[in-house]
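The values are calculated or read from the model by the stated rules, or taken from the named source; none is laboratory data. Since we're looking at a predicted model, the values are computed, not measured. Counting neighbours? That spans all protein chains shown, and the Cβs are built from the backbone with ideal geometry, glycine included. Just the protein is used for accessible areas: all its heavy atoms, side chains included, with ligands, DNA and RNA removed. Shrake-Rupley method; radii C 1.70, N 1.55, O 1.52, S 1.80 Å.
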Amino acid sequence: MSAEAAAIVREFFTRRFPDTVIEDGDDIFALGLATSLFTMELVRFVERTFGFEVPDREMHMDNFRSIDAMSLLVARMKATTPAG
């Protein structure tokens, strides 16, 4: 898991939800934080920030459920995406 990616995603959540403590393993869907609109915002944030497009095969809730899940997605995509 990428500690750097987790820190960046954590900062995004801190700015977006300043009054909510979110641990890296917390399920943002179960916490009621992830509306459909926010989920699309989150996908775009990950794509823009980390420089890759999330492929259809990776576009499922489990990859965006927590900070841990998103940092694993970033690490996996960085490992399979050619540098450019």
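In Å, what Kirkwood hydrodynamic radius results for the chain from the alpha-carbon pair distances?
12.9
Counting only GluC sites (Glu not before Pro) that are in a DSSP loop and have at most 14 other C-beta atoms within 10 Å, tell me the longest site-free stretch of the chain.
Longest stretch, sites excluded: 54-84.
State to the nearest 20 debye the size of the charge dipole of the chain about its Cα centre, where the only charges are +1 on K and R beta carbons and -1 on D and E beta carbons.
Dipole size: approximately 240 debye.
Can you work out the accessible area per residue across the chain, with the rest of the protein chains kept in place, probe 1.4 Å, in square angstrom?
For the chain, the solvent-accessible area averages 60 Å² per residue.
Can you tell which of PHE52, VAL9, SER36 lies farthest toward the positive end of the dipole of the chain, using +1 and -1 charges on the Cβ of basic and acidic side chains (Lys, Arg; Asp, Glu)?
Farthest towards the positive end: PHE52.
Extending each Cα 7 Å along its Cβ direction at ALA7 and ASP27, get the distance between those two points in nm, one decimal.
According to this spin-label approximation, the distance is 3.0 nm.
Run the paramagnetic zone check for ARG15: 7 angstrom along Cα to Cβ, then residues of region 42-74 with backbone nitrogen under 16 Å.
Counting backbone N atoms under 16 Å from the label point, the list is 42-51.
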